[in-house]
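Worksheet: the structure to be examined is printed underneath.
The values are calculated or read from the model by the stated rules, or taken from the named source; none is laboratory data. Source: prediction; values computed, not measured. Cβ: placed from backbone, ideal geometry, glycine included. Neighbour counts: every protein chain shown. Surface accessibility is based on the protein's heavy atoms, side chains included, excluding ligands, DNA and RNA. Shrake-Rupley method; radii C 1.70, N 1.55, O 1.52, S 1.80 Å.
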Amino acid sequence: MSRQIALLRGINVGGHNSFPKARQLELARSLGFEDVQVLLQTGNIVFADPGTTPEETARAIEARISAELGLSVPVVVRTRDELAAAVAANPFPLAVPEPKSLHVTFLSAVPSDTARLDALDPTAFAPDRFRLVGRELFLWCPDGVGRSKLAEAVGRARLGVTATARNWNTVTRILALADA
């Protein structure tokens, strides 16, 4: 069975955009999604492919969240195969044993303007590193993302697309859920 994964940005973070896990499940089911599962409180919804493109699915979820909760929550959707391809494309395999040091930012589209990213001098942020691979931006911060100057700089490099990040542990757990 083909699956899709909805990645919601900025919910249940610091007390803002409250959207409990049970409500996420209920909302997905109300859209007619089947075999719905939610991982964590941070907006990782896995469900049977509803027969729409990921972009159409994202728009439907965003509209329902807005209508029912009054929240503006950007959503990025990947198919199970797209998520598996992103995991396989990890440019930092050395980071895998420390999954909290590796983050993937999922983008709604390939950015047309990467000048701000291209302008970042990688040597200025060592040992932290990043790489844009298609619609995923990989960020490896061996000393932790919380104090990373590179994470801050990459976050400021507006790419003109919707983006939402997950640590490697969460990414692989979502993929395992999609494969279950």
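Summary table
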item: Accessible carbon and sulfur surface of region 87-180 relative to its total accessible area, %, 1.4 Å; result: 54 percent
item: Accessible-area order (highest first, 1.4 angstrom probe) of the listed residues 130, 138; result: 130, 138
item: Angle in degrees between helix 54-69 and the longest Cα principal axis of the chain, rounded to the nearest 10; result: 70 degrees
item: Residue-span extension gain [residue 100 to residue 124] - 0.36 nm each, minus C-alpha spacing; result: 6.5 nm
item: Summed side-chain charge close to residue 121 - residues other than residue 121 whose Cβ falls under 13 Å, Lys, Arg +1, Asp, Glu -1; result: +1
item: Computed magnitude of the charge dipole of the chain (debye, nearest 20; Cβ of K, R +1, Cβ of D, E -1); result: 380 debye
item: Quotient of C-alpha Rg and 2.2 N^0.38 Å, computed over region 1-136; result: 1.15
